[in-house]
Amino acid sequence: QVQLVESGGGLVQAGGSLRLSCAASGRTFSTFTMGWFRQAPGKEREFVAAIRWSSSLIYYTDSVKGRFTISRDNAKNTVYLQMNSLKPEDTAVYYCAVDMTIAVHTSPNEYDYWGQGTQVTVSS
């Protein structure tokens, strides 16, 4: 069993920055792939970014490339999402998730555990 707790969401103006954190507990965090997803009202949950356990492979969805950075600290069992140049269309609930394989997947169906989510609101 893995427990995930996200933090760092909030309200920010367009062009601003936020840093999300996701703390994991319960099992060996360092061997899992970690992902960030988001879900806006009335929309499906969508992939944002994912990072392999060794940080050797990282994926981003096109809409956040160059603005968001995913990273992880295995010693702290934490994964981060640094979000810069935020846009109103980035507004959503952001979730972190664990994929208990070494692959880096973009489909939410491949992830095994989820956090409760943190709200990010970007005002124009």
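Net charge around residue 63, counting only other residues with Cβ within less than 11 Å of its Cβ (Lys, Arg = +1; Asp, Glu = -1)? In short, 0. Checking every one of the trypsin sites (Lys or Arg not before Pro) in the stretch 26-95 against DSSP loop status and a limit of 12 other Cβ atoms within 10 Å picks out 43, 65. Against the criterion of solvent-accessible heavy-atom surface with a 1.4 angstrom probe, 44, 6, 110 sort, most first, into 44, 110, 6.
Over all distinct Cα-Cα pairs of the chain, the Kirkwood formula returns a hydrodynamic radius of 14.2 Å. For the chain, the per residue solvent-accessible surface stands at 49 Å², with DNA, RNA and ligands left out and a 1.4 Å probe. Remark on residue 86: its backbone amide H falls under 5 Å from those of 15, 16, a criterion applied only to residues 5 or more positions apart or on other chains, H modelled at 1.01 Å from N. For residue 31 and residue 84, a Förster radius of 22 Å and the Cβ-Cβ distance give a FRET efficiency of 0.15, rounded to the nearest 0.05.
With a 1.4 Å probe and every protein chain kept in, tell me what percent of the accessible surface of the chain is carbon plus sulfur.
Values: 2890 of 6070 Å².
That fraction is 48 percent.
Bridgeable lysines around residue 43 (alpha carbons under 21 Å apart, same-chain partners fewer than 8 residues away excluded): 65, 87.
The values are calculated or read from the model by the stated rules, or taken from the named source; none is laboratory data. What you see is a predicted model; the values in this text were computed from it and never measured. Neighbour counts run over all protein chains shown; Cβ positions are idealised from the backbone, glycine included. Areas reflect the complete protein model, heavy atoms only, side chains present, ligands, DNA and RNA absent. Shrake-Rupley method; radii C 1.70, N 1.55, O 1.52, S 1.80 Å.
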